[in-house]
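For reference, the structure discussed in these notes is given below.
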Amino acid sequence: MKNPSISLFITVYKNSVFLKKVLDSVTLQKYKNFKVSVLEDSESEAMKDYINSCQYSFELNQEKNNEKRR
């Protein structure tokens with residue numbers, strides 16, 4: 001494999017400020033063959049709206065963590 005695809009999983013809980021910093025950092029990477037999945041663990045509509053509004057040059061998926069917190 002010359003350029004393998006990489007999957008990056010980012011977990012988030014109620015804080016889009018840190019998510020923006022992480023996603024901005026990802027855009028600075030030289031390797032470009034990847035997709036990003038955000039595992040969102042809150043009920044925040046603001047977080048969902050933020051993730052859906054992101055305009056990055058890579059594939060960005062949002063996934064809900066359905067496991068119950070202890």
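The values are calculated or read from the model by the stated rules, or taken from the named source; none is laboratory data. Just so it is clear, the structure is predicted and the values come from calculations on it, not from any experiment. Cβ: placed from backbone, ideal geometry, glycine included. Neighbour counts: every protein chain shown.
Look at K20 and say whether it is at pLDDT below 85 and under 16 Å from Y56 (Cβ atoms).
Yes; evaluated as a whole, the condition is true for this residue.
Could you count how many residues in the stretch 1-11 are touching a Ser or Thr at 6+ places or on another chain (Cβ under 8 Å), surrounded by 11 or more Cβ atoms within 10 Å (Cβ to Cβ) and among the hydroxyl-bearing types (S, T, Y)?
Total meeting the criteria: 0.
Provide a single number: the residues in the stretch 35-50 that are within 13 Å of T11 (Cβ to Cβ) and modelled with pLDDT under 75.
Adding up the residues that qualify gives 3.
Name the pairs: first residue in the stretch 5-32 and of a type in the set (V, I, T), second residue surrounded by fewer than 10 Cβ atoms within 10 Å (Cβ to Cβ), Cβ to Cβ under 9 Å, at least 6 apart or on different chains?
Between residues of the stretch 5-32 that are of a type in the set (V, I, T) and residues that are surrounded by fewer than 10 Cβ atoms within 10 Å (Cβ to Cβ), the close pairs are I6/Y31; T27/S57.
Matching residues to (1) more than 22 Å from K2 (Cβ to Cβ); (2) touching a helix residue (DSSP H, G or I) at 6+ places or on another chain (Cβ under 7 Å); (3) surrounded by 10 or more Cβ atoms within 10 Å (Cβ to Cβ):
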| residue | (1), (2), (3) |
| --- | --- |
| Y13 | yes, no, yes |
| V17 | yes, no, no |
| D24 | yes, no, yes |
| N33 | no, no, yes |
| V38 | yes, yes, yes |
| E43 | yes, no, no |
| K48 | yes, no, yes |
| I51 | yes, no, yes |
| Q55 | yes, no, no |
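Can you pull out every residue in the stretch 12-47 that is in contact with a Ser or Thr (Cβ under 7 Å, 6 or more places away or on another chain) and part of a loop (DSSP other than H, G, I, E, B)?
Selection gives Y13, K14, N33, D41.
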